[in-house]
Amino acid sequence: MYDISPDASDDEDFKTQYFEEFSCYTDLQTLLKRPAHLAIFLNYTIMQNKPNYLLFALSVNHYSRQERLKDIRKAANEIFTDFLNPSAVLRVTFSTEILGDITRSLHSYKDNKQLQTIYDRARNVATKYVNQQIREFKNKLDMGLGNAYNVGLLFGLKSQEEEVKVAKQILIDKFEELLKDTNVLHEEKNKALIAAVNYLLEDIGVLHGSSNIARSYSMNRKDVDKMAKKLHSLRNKDHTKGFPSFNPLVGKKRC
């Protein structure tokens, strides 16, 4: 936990560290370079019950990097089901024009490249909304409210490898929390959340080949137990070598 009391605020070292650790909270493109900081922000949006647009943007980022037609088709349909279907539990809304273009492309795409880009316009709109959320979160941090969101985990991170380790801790904790929730009223939303968080875990090199479990809408208790055991075994593994593939769209430079 960090302390932003008047005494702490008078400490120049603290002010410098505060600025360095939270300077990434400006926009999504900058935040994507810092997985631990992104994980903290993701957790914040879930706590605020407003993760939809961020999860949509992250899911489209992941989707746009698929190469096999089978994977592209599968992810395209999953994104529509999770976010754009009128009954979607993580529903995001866009203009009639954007939705119409997406729907037509899903049924009449000509090649892989076209199918990979059908969500680009929607992602751009979602990113604008997410950027506003990031600014709101930064304002809360500036007011000294970061303790509620475990921002103390971000202090002292000196490398991308350390960022990945902390991100893994945060995301696996959230994953396990969702898996343990047995409230039937939360079931469908939690499955969608698990699927979206799964994408991010894959992108930072923590999970591999787990999408079929996380994305299954018939996921039963056996599947949940299997995933829980997998996550438990992952806690002690070093996944930092997988970091370079985390976000090829924006590069590896730290903010």
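The values are calculated or read from the model by the stated rules, or taken from the named source; none is laboratory data. The shown structure was predicted, so the numbers you read here are calculated from the model rather than taken from an experiment. All Cβ positions, even for glycine, are placed from backbone atoms using ideal geometry, and neighbour counts span all protein chains on display. These area figures cover heavy atoms from the full protein model, side chains too; ligands, DNA and RNA do not enter into them. Shrake-Rupley method; radii C 1.70, N 1.55, O 1.52, S 1.80 Å.
Using R₀ = 45 Å, calculate the FRET efficiency as 1/(1 + (r/R₀)^6) where r is the Cβ-Cβ separation of THR96 and GLN169; round to 0.05. About 0.60, to the nearest 0.05.
About the centre of its Cα atoms, the range 78-123 shows a dipole size close to 60 debye [charges on the beta carbon of Lys, Arg (+1) and Asp, Glu (-1) only; nearest 20 debye]. Note that the range 146-152 has calculated 3J(HN,Hα) couplings of x, 4, 5, 10, 6, 5, x Hz, one per residue in order, obtained from phi through the Karplus relation 6.51 cos²θ - 1.76 cosθ + 1.60 (θ = phi - 60°); glycine and proline are x. Extension gain, SER159-ASN183: 0.36 nm per intervening residue step, less the Cα-Cα distance, totals 4.8 nm.
Looking at the range 14-110, the accessible area is 45 square angstrom per residue; that uses a 1.4 Å probe and ignores ligands, DNA and RNA. Using the alpha-carbon centroid of each, what span in Å lies between the range 124-157 and the range 164-192? Using only Cα atoms, the two centres lie 20 Å from each other. In this structure the amide hydrogen of THR26, modeled in the peptide plane, comes within under 5 Å of the amide hydrogens of LEU31, none closer than 5 places in sequence on its chain. Cross-link check: pairs LYS74/LYS165; LYS50/LYS174; LYS50/LYS128; LYS138/LYS189 evaluated at a Cα-Cα cut-off of 21 Å; pairs beyond the cut-off: LYS74/LYS165; LYS138/LYS189. Of the GluC sites (Glu not before Pro) in the range 32-121, the ones in a loop by DSSP (not H, G, I, E or B) with at most 12 other beta carbons within 10 Å are GLU67. Residue ranking by accessible heavy-atom surface, 1.4 Å probe, largest first, among HIS62, HIS107 comes out as HIS107, HIS62.
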